[in-house]
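Notes follow once the structure below has been shown.
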Amino acid sequence: MADGRTDAGLAGDLARGSPGPPPERWARLLEALGSPDASRQYDAFLGLCEARQDETVRSVAARLDSLPESVRPYVVRYLGRVGTREAERQLLALIRRREEPYRRLAFHALGGLATRQRVEALLELLAGTDPEEVAFAIRGLGRSRRERAVMPLLARYPALEPPLRVEVLRALERIRDPRGLEVGRAALRDPDPEVVGKGLRLLRHLGGRADVGRVVRLLGHDHPGVRRRACWCLGRLRSGRSHRALVRALGGDPEPAVRTEAARALGAYPVARTARALLAAAARDRSAQPRRIAGFTLAALAGRPVDACLRRALRGADDTLRVAAAEQAGLRGLREAAPTLVALVQESSSPLRLRVSAAEALGRLGAQEAMEALGVALGGEAPLAYAAAQSLTELAASRGPDALLPFLAPAGARGRAADVSQVFALHLVKVARVRPLSAEVLGAVRGWLASPVINDRYLAARILLRAGSAADLEALGRVATGDTDPDVRLAAHGAARAVALRDGAALAERLAAGELPAGRLTWRWLRRLPLEGVEVGGLVESLFLGTRRWGAPEVLRLTCVLAYWFRRYPELVLDVGAGREMRAGHLALLLKALSRAAERRALGPREQRWVLGHLDHPSPLVRRAASSAARHVSPEEGLKTMVAAAHGEKDEAARLMTRRLVTQWMRSPEGRLPPVRKATS
């Protein structure tokens, strides 16, 4: 503008109500609202919101149509932010113009005023005839939760259409004013099922025992949604009549949703009649959902009458009820029913489903006296054996895995189902992750490796993978190489590898003593041993420098293993056999392994001196190995020693290798040894 004032200065003038025509005070703010700069646009909007004078509000609203379309939503938001009575009138005018999107924005602005308990404009809309405006007013009044809105809503209710009556009932439910109770009672006589349902929701919060009769009559309504909502309401309006009505609905309503809600509502009545009704529904209902909810509700009921009802049902003649009662006894932890359940498991004339339910319940009860009966049941039909095995593992969880020792025979030993071994194996694997298994349990598991059942052998390997020791390596090695099933071989190989990695020292000792076959699989385990924290020198001595005689293939594998270890542990060779005389064969083996390790890493000064020190060894075998290993010694360190050894060497092969190496060193311009992979004699 010509006066050069800033947007902030204009905002201050607006707030103070400075003199002058309105356009001169806020025209620049309206112009800034259309700016592409978002920060300037937002500052202008905040400045405009500070102008709360009625004259300014009317002037801004009057200029709405002449403003750019990008600015008009800001003006509507401004009217809602101001919140004065004049701003409410302008918003009502925008709503009645029925122009979008300004009508929708005005609705939103008035809704914000309702949350601040400004309901005057909403009451004006409530008195109108437009259904959309009336619905918006009803919802806004419900959100306001003002008691002042109750009487206008009650007065407007009879003349409204069913969808709007539903909105009124929902608003009254939010306000929770006792004056809305009469409208809720009147809604129960409405022909529209949705209105009746909302009336029941209102009665559940505001009604009392005087309304039980009205709600009970609705259990005969044609619409299943009304009947379901009536059951939900009766769960809150507790009385003897409502209890009897819910029991009838649970046993006789044709709709599963209604029976489900009746079962859920009966949870508020912990008496024996409720227990009988829920037990019958859990046992005999035609649909799965009512059966499930009835069972959950019965399990949650507390009180001695309920427990007595279950014990009577277990001793009754109806097998269907006895099955449901056995399940409920386990869910409720009813220890008094344990003797009856044990008798049911042992009673061979009882139906299979009943015996299975009794076996499952005994595991949940933790009845230790039932272990013998469950052990006998392991030889029964497959479902009963599986349930007995599951219960035995649950009982063994408190006593330890040794409690399963009498039942760990392989499948087929007592005509048992194969799934029983799987249940026990999964339990033992879970226990082995936490604590070691006893020697007795491991001995029983080792017997599974010789079982004719493939599943037993596979499960034994899975258990030994977690809990095996070096004593199991020989048996696992036999299974890993000789079993007929590929899955069993793979499982045994994995178990043996895990045992070897877990107990490397014991593996080496058993191998050195000749107690394990020195096959390729054994060397593969040995090579991968995690030797951190282990006395590697002593391990090498016990394994390679002992009294056992190795064949030619085994010597080659020994060399590979030692080379791998020498690469991982520099100067390990200096610790092996320190302070003791070694046989020539052992010393040659160490030199060959060190030579192979030096192909991957450089030798240290002490290792180089150790190699050169064996060039004058009395044994030709050692001198040949030392001459071969000297390829990896630096010329500066070993040239003089090699020249002297070449002149005094009597062994032809050693002399030839030494002279060839000296010649290569002297021809090398860098004074370094060229890469030589294989020494030839």
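Structure summary
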{"read-out": "The stretch 125-130 - phi-based ³J(HN,Hα) in whole Hz, Karplus 6.51/-1.76/1.60, Gly and Pro as x", "value": "5, 4, 7, x, 10, 6"}
{"read-out": "Sorted largest first, extent of the stretch 372-496 alpha carbons per principal axis (Å)", "value": "40, 29, 17"}
{"read-out": "³J(HN,Hα) computed for each position of the stretch 388-399 - Karplus, 6.51 cos²θ - 1.76 cosθ + 1.60, integer Hz, glycine/proline x", "value": "5, 5, 4, 5, 5, 5, 5, 5, 6, 5, 8, 9"}
{"read-out": "Highest to lowest packing among 442-449, 176-183, scored as the average C-beta count within 10 Å", "value": "442-449, 176-183"}
{"read-out": "Calculated log₁₀ intensity ratio I(q)/I(0) where the Debye formula runs over C-alpha points of the stretch 174-248, q = 0.12, 0.14, 0.18 Å⁻¹", "value": "-0.27, -0.36, -0.61"}
{"read-out": "Cα-based shape type of the stretch 286-363, given that a ≥ b ≥ c are square roots of the gyration tensor eigenvalues and the cut on a/c is 1.5", "value": "oblate"}
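Since every read-out is calculated from the coordinates, none of them should be taken as a lab result. Please read all numbers here as calculations on a predicted model, not as lab measurements. Heads up, the Cβs are rebuilt from the backbone with ideal geometry, glycines too, and the neighbour counts pull from every protein chain shown.
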